[in-house]
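Shown next, in C-alpha coordinates, is the structure this report addresses.
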Amino acid sequence: MVSTTLTPTWTLSGFGDEIDPEPAVQVAVLKALGASHIEVRSAWTTNVVDLDDEQLERLRAILTAQEVAVSAIASPIGKVDVSLDAELEVHRLRRIIRVAHALETPNIRVFSFFRGEGVSVESTRDAVMTRMRLLAHEAEKAGVVLLHENEKDIYGDTPERVLDLVESVGSPALRLAWDNANFVQVGAKPFTDGYAMLRPYLDYLQVKDAVAATGEVVPAGQGDGELRETLTALRDDGYSGFASLEPHLAAQHALGGFSGPAAFGQAARAFAGLLAEIGVGAK
(Lines give C-alpha, C1' and ligand atoms only; values in the text may rest on other atoms or scores of the structure.)
Protein backbone atom coordinates (compact mmCIF):
# COMPACT_ATOMS: atom_id res chain seq x y z
CA MET A 1 0.00 0.00 0.00
CA VAL A 2 1.36 3.41 -0.98
CA SER A 3 1.51 5.95 1.85
CA THR A 4 -0.30 9.23 1.21
CA THR A 5 1.32 11.00 4.15
CA LEU A 6 2.73 14.34 3.06
CA THR A 7 5.92 15.78 4.52
CA PRO A 8 5.13 19.05 6.33
CA THR A 9 6.95 21.93 4.65
CA TRP A 10 7.79 25.33 6.09
CA THR A 11 8.87 28.40 4.14
CA LEU A 12 12.50 29.33 4.79
CA SER A 13 13.43 32.99 5.13
CA GLY A 14 16.15 34.98 6.86
CA PHE A 15 17.27 38.42 7.95
CA GLY A 16 19.17 39.62 4.89
CA ASP A 17 21.22 42.25 6.69
CA GLU A 18 22.68 39.56 8.95
CA ILE A 19 24.53 38.41 5.82
CA ASP A 20 25.72 41.65 4.22
CA PRO A 21 24.58 45.29 3.87
CA GLU A 22 24.17 44.85 0.09
CA PRO A 23 20.77 43.37 -0.87
CA ALA A 24 22.17 41.58 -3.93
CA VAL A 25 24.56 39.64 -1.67
CA GLN A 26 21.80 38.98 0.86
CA VAL A 27 19.62 37.44 -1.83
CA ALA A 28 22.42 35.38 -3.37
CA VAL A 29 23.33 33.76 -0.05
CA LEU A 30 19.73 33.09 0.94
CA LYS A 31 18.99 31.45 -2.40
CA ALA A 32 22.15 29.32 -2.13
CA LEU A 33 20.86 28.09 1.24
CA GLY A 34 17.51 27.15 -0.26
CA ALA A 35 15.46 30.08 0.98
CA SER A 36 12.68 31.48 -1.18
CA HIS A 37 12.04 34.54 0.99
CA ILE A 38 13.87 37.31 2.81
CA GLU A 39 13.07 39.26 5.96
CA VAL A 40 13.96 42.89 5.37
CA ARG A 41 15.41 44.92 8.25
CA SER A 42 17.85 47.18 6.42
CA ALA A 43 19.42 47.65 3.00
CA TRP A 44 22.70 49.44 2.27
CA THR A 45 22.93 49.99 6.09
CA THR A 46 19.67 52.00 6.00
CA ASN A 47 16.92 50.77 8.31
CA VAL A 48 13.56 50.07 6.69
CA VAL A 49 11.96 53.00 8.48
CA ASP A 50 14.40 55.36 6.74
CA LEU A 51 14.38 53.96 3.18
CA ASP A 52 13.53 56.67 0.67
CA ASP A 53 11.46 56.09 -2.47
CA GLU A 54 14.51 55.53 -4.70
CA GLN A 55 16.07 52.98 -2.33
CA LEU A 56 12.77 51.20 -1.91
CA GLU A 57 12.32 50.91 -5.66
CA ARG A 58 15.90 49.63 -6.10
CA LEU A 59 15.33 47.02 -3.42
CA ARG A 60 12.02 45.95 -4.91
CA ALA A 61 13.65 45.60 -8.34
CA ILE A 62 16.48 43.39 -6.98
CA LEU A 63 14.04 41.08 -5.22
CA THR A 64 11.74 40.87 -8.21
CA ALA A 65 14.59 40.11 -10.60
CA GLN A 66 15.84 37.30 -8.36
CA GLU A 67 12.31 35.98 -7.69
CA VAL A 68 12.71 36.28 -3.93
CA ALA A 69 9.63 37.31 -1.96
CA VAL A 70 9.47 39.11 1.39
CA SER A 71 8.29 37.17 4.45
CA ALA A 72 8.15 40.20 6.75
CA ILE A 73 9.42 43.71 7.37
CA ALA A 74 11.64 43.57 10.45
CA SER A 75 10.78 47.00 11.74
CA PRO A 76 12.12 48.75 14.85
CA ILE A 77 8.62 49.84 15.89
CA GLY A 78 8.32 49.68 19.68
CA LYS A 79 12.07 49.57 20.27
CA VAL A 80 11.91 52.96 21.93
CA ASP A 81 11.30 54.17 25.47
CA VAL A 82 7.67 53.94 26.49
CA SER A 83 7.83 57.48 27.89
CA LEU A 84 8.02 58.99 24.38
CA ASP A 85 4.94 60.44 22.71
CA ALA A 86 2.75 57.60 21.48
CA GLU A 87 2.12 59.33 18.15
CA LEU A 88 5.81 59.10 17.25
CA GLU A 89 5.59 55.34 16.77
CA VAL A 90 2.26 55.61 14.97
CA HIS A 91 3.93 57.96 12.50
CA ARG A 92 6.89 55.60 12.07
CA LEU A 93 4.53 52.66 11.57
CA ARG A 94 2.85 54.49 8.70
CA ARG A 95 6.26 54.73 7.03
CA ILE A 96 6.84 51.02 7.59
CA ILE A 97 3.42 50.17 6.17
CA ARG A 98 4.47 51.98 3.00
CA VAL A 99 7.50 49.65 2.81
CA ALA A 100 5.39 46.56 3.46
CA HIS A 101 2.95 47.49 0.71
CA ALA A 102 5.76 48.21 -1.76
CA LEU A 103 7.42 44.85 -1.02
CA GLU A 104 4.10 43.01 -1.00
CA THR A 105 4.08 41.51 2.47
CA PRO A 106 1.38 41.89 5.14
CA ASN A 107 3.78 41.07 7.97
CA ILE A 108 5.53 43.70 10.12
CA ARG A 109 7.61 42.78 13.16
CA VAL A 110 7.15 45.05 16.19
CA PHE A 111 8.12 45.29 19.87
CA SER A 112 6.43 46.43 23.08
CA PHE A 113 8.69 49.24 24.32
CA PHE A 114 11.74 49.68 26.47
CA ARG A 115 11.68 51.55 29.78
CA GLY A 116 14.11 53.77 31.63
CA GLU A 117 16.65 52.55 34.13
CA GLY A 118 15.03 51.91 37.49
CA VAL A 119 11.49 51.95 36.04
CA SER A 120 9.51 48.85 36.96
CA VAL A 121 7.95 46.85 34.16
CA GLU A 122 4.61 46.79 36.01
CA SER A 123 4.42 50.58 36.08
CA THR A 124 4.64 50.73 32.27
CA ARG A 125 1.78 48.33 31.54
CA ASP A 126 -0.97 50.87 30.89
CA ALA A 127 1.26 53.00 28.67
CA VAL A 128 2.36 49.94 26.71
CA MET A 129 -1.20 48.74 26.16
CA THR A 130 -2.31 52.19 25.02
CA ARG A 131 0.50 52.37 22.48
CA MET A 132 0.06 48.82 21.22
CA ARG A 133 -3.67 49.39 20.71
CA LEU A 134 -2.91 52.50 18.66
CA LEU A 135 -0.44 50.54 16.53
CA ALA A 136 -2.85 47.63 16.08
CA HIS A 137 -5.62 50.02 15.02
CA GLU A 138 -3.31 51.53 12.41
CA ALA A 139 -2.44 48.04 11.18
CA GLU A 140 -6.11 47.06 10.94
CA LYS A 141 -6.83 50.10 8.77
CA ALA A 142 -3.91 49.29 6.47
CA GLY A 143 -4.61 45.57 6.15
CA VAL A 144 -1.29 44.46 7.67
CA VAL A 145 -0.39 42.21 10.60
CA LEU A 146 1.92 43.22 13.43
CA LEU A 147 4.09 40.33 14.63
CA HIS A 148 5.25 41.02 18.17
CA GLU A 149 8.71 39.66 18.92
CA ASN A 150 9.54 38.72 22.53
CA GLU A 151 12.71 40.84 22.74
CA LYS A 152 14.44 41.00 26.12
CA ASP A 153 13.91 44.14 28.22
CA ILE A 154 10.64 45.19 26.56
CA TYR A 155 7.25 44.72 28.23
CA GLY A 156 6.50 41.51 26.34
CA ASP A 157 9.70 39.63 27.05
CA THR A 158 8.40 36.79 29.26
CA PRO A 159 5.73 34.30 28.18
CA GLU A 160 3.27 35.63 30.78
CA ARG A 161 3.60 39.25 29.66
CA VAL A 162 3.46 38.30 25.98
CA LEU A 163 0.13 36.59 26.70
CA ASP A 164 -1.08 39.61 28.67
CA LEU A 165 -0.17 41.87 25.77
CA VAL A 166 -1.80 39.96 22.94
CA GLU A 167 -4.96 39.18 24.91
CA SER A 168 -5.36 42.67 26.34
CA VAL A 169 -4.94 44.39 22.97
CA GLY A 170 -7.27 41.80 21.47
CA SER A 171 -6.74 42.74 17.83
CA PRO A 172 -6.60 40.37 14.84
CA ALA A 173 -3.81 42.62 13.57
CA LEU A 174 -1.53 41.76 16.51
CA ARG A 175 -0.03 38.27 16.41
CA LEU A 176 3.24 36.73 17.62
CA ALA A 177 6.69 36.13 16.17
CA TRP A 178 8.21 33.44 18.40
CA ASP A 179 11.90 33.63 19.31
CA ASN A 180 13.30 30.82 21.49
CA ALA A 181 16.65 32.52 22.15
CA ASN A 182 15.07 35.71 23.46
CA PHE A 183 13.00 33.74 25.96
CA VAL A 184 16.16 31.99 27.18
CA GLN A 185 17.84 35.37 27.70
CA VAL A 186 15.12 36.45 30.15
CA GLY A 187 15.32 33.23 32.16
CA ALA A 188 12.39 31.36 30.61
CA LYS A 189 12.25 27.84 29.21
CA PRO A 190 10.55 28.60 25.90
CA PHE A 191 8.67 25.41 25.18
CA THR A 192 8.06 24.39 28.80
CA ASP A 193 6.94 27.81 30.03
CA GLY A 194 5.33 29.42 27.02
CA TYR A 195 4.42 27.24 24.08
CA ALA A 196 1.00 25.96 25.13
CA MET A 197 -0.28 29.36 26.25
CA LEU A 198 1.06 31.28 23.27
CA ARG A 199 0.55 28.81 20.42
CA PRO A 200 -2.96 30.12 19.56
CA TYR A 201 -1.37 33.47 18.66
CA LEU A 202 1.86 32.24 17.06
CA ASP A 203 2.03 33.05 13.35
CA TYR A 204 5.76 33.33 12.64
CA LEU A 205 8.96 31.56 13.75
CA GLN A 206 12.29 33.34 14.16
CA VAL A 207 15.14 30.86 14.41
CA LYS A 208 17.95 31.25 16.90
CA ASP A 209 19.09 29.58 20.11
CA ALA A 210 20.89 30.71 23.26
CA VAL A 211 22.80 29.37 26.26
CA ALA A 212 20.99 30.02 29.52
CA ALA A 213 24.09 30.46 31.69
CA THR A 214 25.61 33.23 29.56
CA GLY A 215 22.89 34.45 27.17
CA GLU A 216 25.23 33.70 24.26
CA VAL A 217 23.41 33.17 20.96
CA VAL A 218 24.30 29.88 19.24
CA PRO A 219 23.09 27.90 16.20
CA ALA A 220 19.70 26.21 16.46
CA GLY A 221 19.77 23.13 18.67
CA GLN A 222 23.06 23.99 20.38
CA GLY A 223 21.63 25.98 23.28
CA ASP A 224 18.92 25.81 25.93
CA GLY A 225 16.07 27.13 23.77
CA GLU A 226 14.19 23.83 23.58
CA LEU A 227 14.26 24.10 19.78
CA ARG A 228 13.62 20.41 19.11
CA GLU A 229 10.60 20.37 21.40
CA THR A 230 9.25 23.57 19.90
CA LEU A 231 9.74 22.53 16.28
CA THR A 232 8.25 19.09 16.93
CA ALA A 233 5.18 20.64 18.55
CA LEU A 234 4.76 23.07 15.66
CA ARG A 235 4.98 20.15 13.25
CA ASP A 236 2.35 18.23 15.19
CA ASP A 237 0.12 21.32 15.38
CA GLY A 238 0.15 21.65 11.60
CA TYR A 239 2.26 24.79 11.42
CA SER A 240 2.90 25.70 7.79
CA GLY A 241 4.30 29.23 7.98
CA PHE A 242 7.67 30.96 7.82
CA ALA A 243 10.87 29.99 9.58
CA SER A 244 13.15 33.03 9.50
CA LEU A 245 16.85 32.68 10.32
CA GLU A 246 18.17 35.40 12.65
CA PRO A 247 21.49 33.90 13.79
CA HIS A 248 23.19 36.84 15.61
CA LEU A 249 26.40 34.79 15.58
CA ALA A 250 28.94 37.58 15.10
CA ALA A 251 27.37 40.54 16.87
CA GLN A 252 24.16 41.68 18.49
CA HIS A 253 22.95 45.08 19.60
CA ALA A 254 19.76 46.95 20.47
CA LEU A 255 18.55 47.24 16.88
CA GLY A 256 19.60 43.83 15.57
CA GLY A 257 22.63 41.68 14.90
CA PHE A 258 25.08 40.41 12.31
CA SER A 259 26.49 37.04 11.30
CA GLY A 260 28.20 37.32 7.90
CA PRO A 261 27.78 34.80 5.07
CA ALA A 262 29.83 31.97 6.61
CA ALA A 263 28.19 32.04 10.05
CA PHE A 264 24.77 32.52 8.46
CA GLY A 265 25.39 29.36 6.48
CA GLN A 266 26.39 27.56 9.66
CA ALA A 267 23.11 28.62 11.26
CA ALA A 268 21.12 27.51 8.23
CA ARG A 269 22.73 24.08 8.22
CA ALA A 270 22.10 23.61 11.94
CA PHE A 271 18.43 24.43 11.45
CA ALA A 272 18.19 22.16 8.41
CA GLY A 273 19.59 19.35 10.53
CA LEU A 274 16.88 19.83 13.14
CA LEU A 275 14.17 19.87 10.48
CA ALA A 276 15.54 16.66 8.98
CA GLU A 277 15.48 14.98 12.39
CA ILE A 278 11.77 15.69 12.83
CA GLY A 279 10.74 15.13 9.21
CA VAL A 280 9.92 18.68 8.16
CA GLY A 281 10.88 20.08 4.77
CA ALA A 282 11.82 23.65 3.92
CA LYS A 283 11.35 25.57 0.70
Residue 116 on the phi < 0 side of the Ramachandran plot and either modelled with pLDDT of 95 or more or more than 21 Å from the chain's Cα centre (by Cα) (or both): yes
Answer residue from segment 153-207, given it is within 18 Å of residue 130 (Cα to Cα) and small (Gly, Ala, Ser) and is surrounded by the most Cβ atoms within 10 Å (Cβ to Cβ) among those: 156
Any idea which of 39, 67, 57 is among the charged types (D, E, K, R), part of a loop (DSSP other than H, G, I, E, B) and either at pLDDT 95 or above or at positive phi (or both)? 67
Per the list (1) of a type outside the set (S, T, N, Q); (2) surrounded by fewer than 17 Cβ atoms within 10 Å (Cβ to Cβ); (3) modelled with pLDDT of 95 or more, residue check on residue 224 breaks on (2)
Of 222, 185, the only residue that is closer than 25 Å to residue 122 by Cα and polar (S, T, N, Q) is 185
What pairs can you find where one residue is in segment 186-211 and at pLDDT 95 or above and of a type in the set (Val, Ile, Thr), the other is surrounded by fewer than 24 Cβ atoms within 10 Å (Cβ to Cβ) and in a strand (DSSP E or B), and their Cβ atoms are less than 8 Å apart, with a gap of 6+ or different chains? 211/218
Matching residues, segment 233-246, being more than 15 Å from residue 268 (Cα to Cα) and not in a loop (DSSP other than H, G, I, E, B): 233, 234, 235, 236
Filtered residues of segment 238-267 (kept if modelled with pLDDT of 95 or more and not hydroxyl-bearing (Ser, Thr, Tyr)): 238, 241, 242, 243, 245
List the residue pairs whose Cβ atoms are under 8 Å apart, where the first residue sits in segment 256-278 and is on the phi < 0 side of the Ramachandran plot and part of a helix (DSSP H, G or I), the second is polar (S, T, N, Q) and modelled with pLDDT of 90 or more, and the two are 6 or more positions apart or on different chains. 270/222; 278/232
Return the residue satisfying two criteria in turn: it lies in segment 82-100 and is over 13 Å from residue 138 (Cβ atoms) and out of contact with any Phe, Trp or Tyr (no Cβ under 8 Å at 6 or more places or on another chain), and of such residues it is surrounded by the fewest Cβ atoms within 10 Å (Cβ to Cβ). 85
Of the numbered conditions (1) more than 19 Å from residue 267 (Cβ to Cβ); (2) in contact with a Phe, Trp or Tyr (Cβ under 7 Å, 6 or more places away or on another chain); (3) of a type outside the set (Asp, Glu), residue 230 fails exactly one; give the number of that condition. (1)
Answer yes or no: is there a residue in segment 29-37 that is surrounded by fewer than 16 Cβ atoms within 10 Å (Cβ to Cβ) and aliphatic (A, V, I, L, M). yes
Restricting attention to segment 8-25, does a residue exist that is more than 17 Å from the chain's Cα centre (by Cα), of a type in the set (Val, Ile, Thr), at pLDDT below 95 and farther than 26 Å from residue 76 by Cβ? no
So for segment 208-220 (the condition being assigned to a helix (DSSP H, G or I) and surrounded by 23 or more Cβ atoms within 10 Å (Cβ to Cβ)), does at least one residue qualify? no
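The values are calculated or read from the model by the stated rules, or taken from the named source; none is laboratory data. In this text, all values refer to a predicted model and were calculated from it rather than measured experimentally. Ideal geometry is used to build each Cβ from the backbone, glycine not excepted, and the neighbour counts take in all protein chains shown.
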